[in-house]
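Below is one structure, written out as structure tokens; comments come after it.
The values are calculated or read from the model by the stated rules, or taken from the named source; none is laboratory data. Treat the numbers as computed from the prediction; the structure is a model and nothing was measured. As a convention, Cβ positions derive from the backbone with ideal geometry for all residues, glycine included, and neighbour counts pool all protein chains shown. Side chains included, ligands, DNA and RNA excluded: accessible areas come from the protein's heavy atoms. Shrake-Rupley method; radii C 1.70, N 1.55, O 1.52, S 1.80 Å.
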Amino acid sequence: MPLPKPKPLFEPELSSFSDIALLLIIFFILTTTFIVPAGNKIEPPAASADPSNAEEKQLTIALTGQEILYGPRAERLSIEELRAALLEQNFRAKPPSRRIVIVNPTPDVPYELYFDVVMAIHRADGILALIEEDEKPRK
Amino acid sequence: MSVRRKKRMPAKVPTTSMADIAFLLIIFFMVTSNFVKEGHIELTQPRSPDIDAMKEAHISVTLDKNGDLWLQGKPCPVAVLEEGVKALLLEQSDKTVMLKIDKDTRQESYGPVFLALSRAGAELALIGEKEKE
């Protein structure tokens, strides 16, 4: 009995698959945007909420609603004026104890304003102090 | 005079290595990609010209537009934030905590978060969007 003839092997055309894969990779390489976090690191020391405890040498910035009240005279400044005023302090030439800036916001202050002020302090080489509001003692 | 023309060989481009390159690229991107873990949290970050690009930290705290607090992408009440961050900091040599807060959040919400993180001994990295000067 004669053996059956072997069927010719089916060979699909695979070269176009690699083309598609490469095209997809190139598309994603070109269109992908990476998320790089932007921000600034702060290491805030704590300050007392009682203003009588604050040293006179420390600069205080009060925030109420959308207003910035700068220094002991509570001068009303815009964020650009605050940036200029902080740069005038020349914190870089001062020791760390004289670079502390106390930011005292009221409960209605939006984070956007607080963030702007904190970043301006950081840019001017000031050190932000957090206000302790409750009675919980620090360990 | 009869000149014998050489038989032209059909051009064959070896394409098997193309697939290898494609797979190597896919594996490279699979290994090096870092996916966004907090895509489900709704927040609009504040903008400032005074910020710079920074290295991503391992610990992330987020206060979203609804006032909900998230630690490492999971809900976390502010009362247990200090303990939660302390526990995470014990496992890390880097004490940096990335703090993302919605721009419209009021101080009565973000104030306690700052204090809790400060008490936990974290170094705060305030995250925002770079605004062109």
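Structure values in brief
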read-out: Heavy-atom SASA rank of A:THR33, A:THR64, B:THR105 (probe 1.4 Å, accessible area, largest first); value: A:THR33, A:THR64, B:THR105
read-out: Heavy atoms of A:THR32: accessible area, 1.4 Å probe, square angstrom to 10; value: 70
read-out: Virtual spin-label span in nm between B:PHE29 and A:SER16, 7 Å along Cα→Cβ; value: 2.2
read-out: Residue-level accessible surface for A:LEU130, protein heavy atoms, 1.4 Å, Å²; value: 10
read-out: For segment B:29-133, size of Cβ-based charge dipole, Lys and Arg +1, Asp and Glu -1, in debye; value: 100
read-out: Listed residues B:LEU117, A:LEU69 arranged by accessible area, highest first, probe 1.4 Å; value: A:LEU69, B:LEU117
read-out: Most fluctuating residue given options B:ASP102, B:ASP52, B:ASP68, as computed from a GNM of chain B linking Cα atoms under 10 Å; value: B:ASP52
read-out: Overall form of segment A:58-139 per C-alpha gyration tensor (a/c, 1.5; a/b vs b/c); value: oblate
read-out: Computed helical MRE - 222 nm, the protein assembly as shown, DSSP H runs ≥ 4 contributing -39500 (n - 2.57), nearest 500; value: -9500 deg cm²/dmol
read-out: Probe 1.4 Å, accessible area per residue of chain B, Å²; value: 67
read-out: Theoretical gain in end-to-end length, B:LYS132 to B:GLU83 [0.36 nm per residue, Cα-Cα removed]; value: 13.9 nm
read-out: Across A:LYS41/A:LYS94; B:LYS74/B:LYS95; A:LYS5/B:LYS7; B:LYS86/B:LYS132; A:LYS94/B:LYS103; B:LYS74/B:LYS103, pairs whose alpha-carbon gap is larger than 30 Å; value: A:LYS5/B:LYS7; B:LYS86/B:LYS132; A:LYS94/B:LYS103
